[in-house]
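Asks: Please see the structure below; I have some questions.
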Amino acid sequence: MRVELENVGKTYDGDSWAVRDLKLDIQSGAIFGLIGPNGAGKSTTLRMMATVMTPTEGQVRLDGQDSNSDPLAARRRIGFLGDGNPLYKDMTPADYLRLFGQCFRMGKAELEAAIDETLTTFDLTAKRDTVCGDLSKGMRQRVLIARCLLHKPKLLILDEPADGLDPRGRSELRRTLDRVRDSGVTIVISSHILRELDDLCDQVAIIQGGRLVVSGNVDSIIDSHEVSRFVYELRTIEGHERALELLAGHRVLVEHTGESEGQKLIRMQVQGDEALMASILAELISAGVKVVTCSRLRSRLEDVYDRISADKVN
Ligand code: ADP
């Protein structure tokens, strides 16, 4: 399903705008990430996309149709997981799915078949009869997402789905979303952490104070902002001082030095591309610096975000 937002705005109090002038075009079959700090207007935007809230101005179009012209029909094609969704602790995953399937007025046979299929898709068959209170956080998250897909929507909207998940839960979430996307469903997710969405989304929009800062295809955003400053952490076991001397001869800004687990750390901004870092590293090693690791600390989208924010301040 293609989702278009045409100059969408929302005010809760008739005075200040939670979201204003939002223009987005989400391609059918994409994983789209809506990114912004807390209070930026992400939940408000997602609620309007999900038709649970009406825009004060502008229009949300789903496959070219104004979603407000028939909100109930639109909602049948959408799976929405807002923030703060409860899972009833005493219910099993099968009971929980049944409850939501009944809300969508699915017929009994169709619903039971969909429950079996969904539990299999989400690797929950073995936990079918375990109460949700006894499931891991990652499994509970899968149950929540599963219930959004039971009625086979064409658009899945998840508000901060990675919030509170540990790294394992996050990689499970990634796998789940990839699978859902492969089935042809358009996915919209939000996050206040850029890193979470960086290599997961095809398209992203960054919003701040209810307004769009940048949107589009992830690769083209990165290209168009010519990110030229990379932050690395260098860990050495010998030659720390020598490394600092050599780095001073390049366009490198040392942000922090320290020590951890017997290794010396240098966190630095390198004003150049990855080829420059590779040549600096080669120089350090040939000068006898014993390098253990050298890793990028921030994702590419985080670099874009820093760059945009700096431009706004200047
Ligand atoms: P985010 O999801 O990015 O944290 P929200 O959409 O929740 O942002 O909030 C955007 C703005 O709208 C904030 O200033 C918030 O206080 C306000 N807001 C959100 N929900 C409501 C509401 N139900 N009533 C009044 N103001 C709200």
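The values are calculated or read from the model by the stated rules, or taken from the named source; none is laboratory data. All values derive from a computational prediction rather than experimental measurement. Cβ sites come from the backbone with ideal geometry, for glycine too, and all protein chains shown count toward neighbours.
Asks: If only one of 121, 125 is hydroxyl-bearing (Ser, Thr, Tyr) and modelled with pLDDT of 90 or more, which one is it? Break it down stepwise before answering.
Replies: On the way: 121 fails: modelled with pLDDT of 90 or more.
Exactly one residue qualifies, and that residue is 125.
Asks: Report yes if residue 265 is part of a strand (DSSP E or B) and among the aliphatic types (A, V, I, L, M), otherwise no. So that I can check it myself, show each step before the final result.
Replies: Values: part of a strand (DSSP E or B): yes; among the aliphatic types (A, V, I, L, M): yes.
So residue 265 passes the test.
Asks: Give me the pairs: first residue in the stretch 201-215 and under 16 Å from residue 3 (Cα atoms), second residue among the hydroxyl-bearing types (Ser, Thr, Tyr) and assigned to a strand (DSSP E or B), beta-carbon distance under 9 Å, and six or more apart or on different chains, which are they?
Replies: 203/215; 204/215; 205/215
Asks: Among the residues of the stretch 5-22, how many are of a type in the set (Asp, Glu) and away from the ligand (no atom under 15 Å from the Cβ)? Let's see the steps before the verdict.
Replies: Keep residues of the stretch 5-22 that are of a type in the set (Asp, Glu), which gives 6, 13, 15, 21.
From what's left, away from the ligand (no atom under 15 Å from the Cβ): 6.
Qualifying residue count, the stretch 5-22: 1.
Asks: Please work out if residue 257 is over 32 Å from the mean Cα position of the chain (by Cα) and at pLDDT 90 or above. Spell out how you get there, then give the answer.
Replies: Values: over 32 Å from the mean Cα position of the chain (by Cα): no; at pLDDT 90 or above: yes.
For residue 257, the condition - over 32 Å from the mean Cα position of the chain (by Cα) and at pLDDT 90 or above - is not met.
Asks: Moving to a separate point now. How about the stretch 143-250: which strands (runs of 3 or more DSSP E) wholly inside it have at least 1 residues that are on the phi > 0 side of the Ramachandran plot and among the acidic types (Asp, Glu)? Outline the logic, then answer.
Replies: Numbers: elements: 155-158, 186-191, 203-208, 211-217, 229-238.
Filter on the stretch 143-250 gives an empty set.
Asks: Just checking, which of 37, 86 is more than 28 Å from residue 301 (Cα to Cα) and within 26 Å of the chain's Cα centre (by Cα)? I'd like the intermediate steps shown before the answer.
Replies: Details: 37 fails: more than 28 Å from residue 301 (Cα to Cα).
That would be 86, the only listed residue that is more than 28 Å from residue 301 (Cα to Cα) and within 26 Å of the chain's Cα centre (by Cα).
Asks: Go through the stretch 45-78 and report how many residues are within 27 Å of residue 174 (Cα to Cα) and in contact (Cβ under 8 Å) with a residue 60 or more places away in the chain.
Replies: The qualifying residues number 9.
Asks: Could you tell me which of the residues 279, 220 is under 29 Å from the mean Cα position of the chain (by Cα), surrounded by fewer than 15 Cβ atoms within 10 Å (Cβ to Cβ) and without any contact (Cβ under 8 Å) to a residue 12 or more places away in the chain?
Replies: It is 220.
Asks: Also, quick follow-up: I'd like the full set of residues that are under 18 Å from residue 89 (Cα atoms), modelled with pLDDT of 85 or more and basic (Lys, Arg), limited to the stretch 128-175.
Replies: Hits for the stretch 128-175 are 128, 140, 142, 147.
Asks: Can I ask one more? Which condition breaks for residue 92 when tested against (1) without any contact (Cβ under 8 Å) to a residue 40 or more places away in the chain; (2) more than 28 Å from residue 212 (Cβ to Cβ)?
Replies: Status for residue 92: all satisfied but (1).
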